[in-house]
Amino acid sequence: MKKVIGLLLLLFVFSKTHAQEVIETEISSKHLNKIQKVKIFIPETYFDDHLAFPIAVVLNSDALFDTYVATSKLFAKNDKAPSQIIVGISQEFKEFNYLNYGFDNYSGLPTQISSRTFGFIKNDLLQFLQENFRISNFKTIIGDKLTANFANYFMFEDQPVFNAYISLNPQFAVHMPENLKDYSKALKNEEYYYYLSRTNDSEELFKNKISDANRYLSNSENNVFNYRFDNFDKVSELTSIPQGIASAMEHVFTGYSGIDQREYENKVAYLSPLAKIEYLRYKYENILYLFGEEKEIRVTDFYAIEDSFHESENSNYLEDLGEFALDTHPKEPMGDYYIGRFYEMDMDYRKAAIHYKKGYVKIPSDSPESRLFYENIARVSTLTKEKT
């Protein structure tokens, strides 16, 4: 109880100053039978209008925590990832690292002692976070070397508690590549993300295991399992950490960031026009569900899907796109443009002019868009006169 009160006091101070971003606290663990120290990064936006926040659990905190926090802040600032609550698990004595995160050399499964660490994270830590913070449905776990191998065990449950797994230069246990292949195939109901990296600094045994795992996971046909691999063969292991974390974060939060070329080609391009509109709806409903953020649909995401609507065989759906755009962005001119374009392609130039004019008055006179809308109005006005 004292620990919770102390944490709440720290949160109160943080809310008043926003100066202290990282707090340190202790969790009484029934699994470890001791007090475990943790560091918690709380984003500045925690006390804004966000409903809840995704969490990231960082194993091997001494090596990874600061880099993950810095990268998370950079991505959130640039709208590439949500703000995250980040928890680093401290390791007081490095010589105990294998005891806490090790595996049985024959079965490849956690040892009796490392199973306690598993129980601490799954039950004590996550329960503590749930009781003391506004936690969303999306959870990430990250580790390197031995702890990267350990993080995989959470995927082997019937209902994994983590949605994303970041594995940096892992020291895989025996059978781990084969286990990853089997368990990644069994994932269902939710979207899962897996990131794997390797450097030339790895021992040959672990290099081979990483290569095996990459071969298996690259061939996965599970639609809910999203995988990316990086081979940092020309940089040191130390340099690969920030590169790997940045690449992993880009991969893990594809569903949050705006639609890029990769997402468009893999998930959007083959959809029908109406299905593309529904994809936009789903994407932002999922952002609320997974990341706890009620986010307005980005204008750039409309631009990302609009090209196919201008094709003659799909032009009838421009009106649907325009009405959807007006519903979500009534002060933006793009919805009026889409509907105006629909009527122009249907050769109803009078109605096209009306909607182009509606969009025109929403644009500042010094904007380049103002001239383009004026040209649209002039063009359909000329066509109206020629038609009559």
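The values are calculated or read from the model by the stated rules, or taken from the named source; none is laboratory data. The model shown is predicted, which means the values in this text are computed figures rather than measured ones. Positions of Cβ are generated from backbone atoms using ideal geometry, with glycine treated the same way; all protein chains shown enter the neighbour counts. When the accessible area is computed, the model is the full protein with side chains, heavy atoms only, and any ligands, DNA or RNA have been set aside. Shrake-Rupley method; radii C 1.70, N 1.55, O 1.52, S 1.80 Å.
Could you run through the range 131-162 and say how many residues are among the aromatic types (Phe, Trp, Tyr) and out of contact with any strand residue (DSSP E or B) (no Cβ under 9 Å at 6 or more places or on another chain)? Summing the residues that are among the aromatic types (Phe, Trp, Tyr) and out of contact with any strand residue (DSSP E or B) (no Cβ under 9 Å at 6 or more places or on another chain) in the range 131-162 gives 1.
In the set Asp104, Asp66, only one residue is at pLDDT below 95 and open to solvent by 10 Å² or more (accessible area, probe 1.4 Å); that residue is Asp104.
Just checking, which of Met334, Met345 is among the hydrophobic types (A, V, I, L, M, F, W, C), closer than 30 Å to Arg262 by Cα and in contact (Cβ under 8 Å) with a residue 12 or more places away in the chain?
Details: Met345 fails: closer than 30 Å to Arg262 by Cα.
Unique residue meeting the criteria: Met334.
Restricting attention to the range 271-297 and to residues that are open to solvent by 50 Å² or more (accessible area, probe 1.4 Å) and assigned to a helix (DSSP H, G or I), the residue that is farthest from Pro330 (Cα to Cα) turns out to be Tyr289.
Of all the residues in the range 298-310, those that are surrounded by fewer than 12 Cβ atoms within 10 Å (Cβ to Cβ) and within 16 Å of Phe342 (Cα to Cα) number 1.
If the condition is being among the acidic types (Asp, Glu) and more than 21 Å from Val57 (Cα to Cα), then the range 242-264 contributes Asp260, Glu263. In the set (1) in a helix (DSSP H, G or I); (2) without any contact (Cβ under 8 Å) to a residue 12 or more places away in the chain, Thr300 fails one condition alone, (2).
Taking helices (runs of 4 or more DSSP H) that fall entirely within the range 311-378, which contain at least 1 residues that are of a type in the set (Gly, Ala, Ser), in contact with a Lys or Arg (Cβ under 9 Å, 6 or more places away or on another chain) and within 21 Å of Leu274 (Cβ to Cβ)? Talk me through it step by step, then tell me what you get.
Numbers: elements: 318-328, 334-345, 349-360.
Per the criteria, 318-328, 334-345.
Mind listing just one residue for me: the one in the range 191-244 that is of a type in the set (S, T, N, Q) and assigned to a strand (DSSP E or B) and, of those, surrounded by the most Cβ atoms within 10 Å (Cβ to Cβ)? Break it down stepwise before answering.
Filtering the range 191-244 down to residues of a type in the set (S, T, N, Q) leaves 197, 199-200, 202, 208, 211, 214, 218-220, 222-223, 226, 231, 236, 239-240, 243.
Pick out the ones that are also assigned to a strand (DSSP E or B) and you get 197, 199, 226, 231.
Numbers: Ser197: 25, Thr199: 23, Asn226: 18, Asn231: 15.
Looking at the filtered set, the residue picked out is Ser197.
The residue list Tyr195, Tyr227, Tyr153 contains one member that is modelled with pLDDT of 95 or more, more than 18 Å from the chain's Cα centre (by Cα) and under 16 Å from Thr140 (Cβ atoms), which is Tyr153. Out of the residues in the range 185-210 meeting the condition of being among the hydroxyl-bearing types (Ser, Thr, Tyr) and touching a helix residue (DSSP H, G or I) at 6+ places or on another chain (Cβ under 6 Å), tell me which one is nearest to Ile166 (Cα to Cα). So, considering only residues that are among the hydroxyl-bearing types (Ser, Thr, Tyr) and touching a helix residue (DSSP H, G or I) at 6+ places or on another chain (Cβ under 6 Å), the one nearest to Ile166 (Cα to Cα) is Tyr195.
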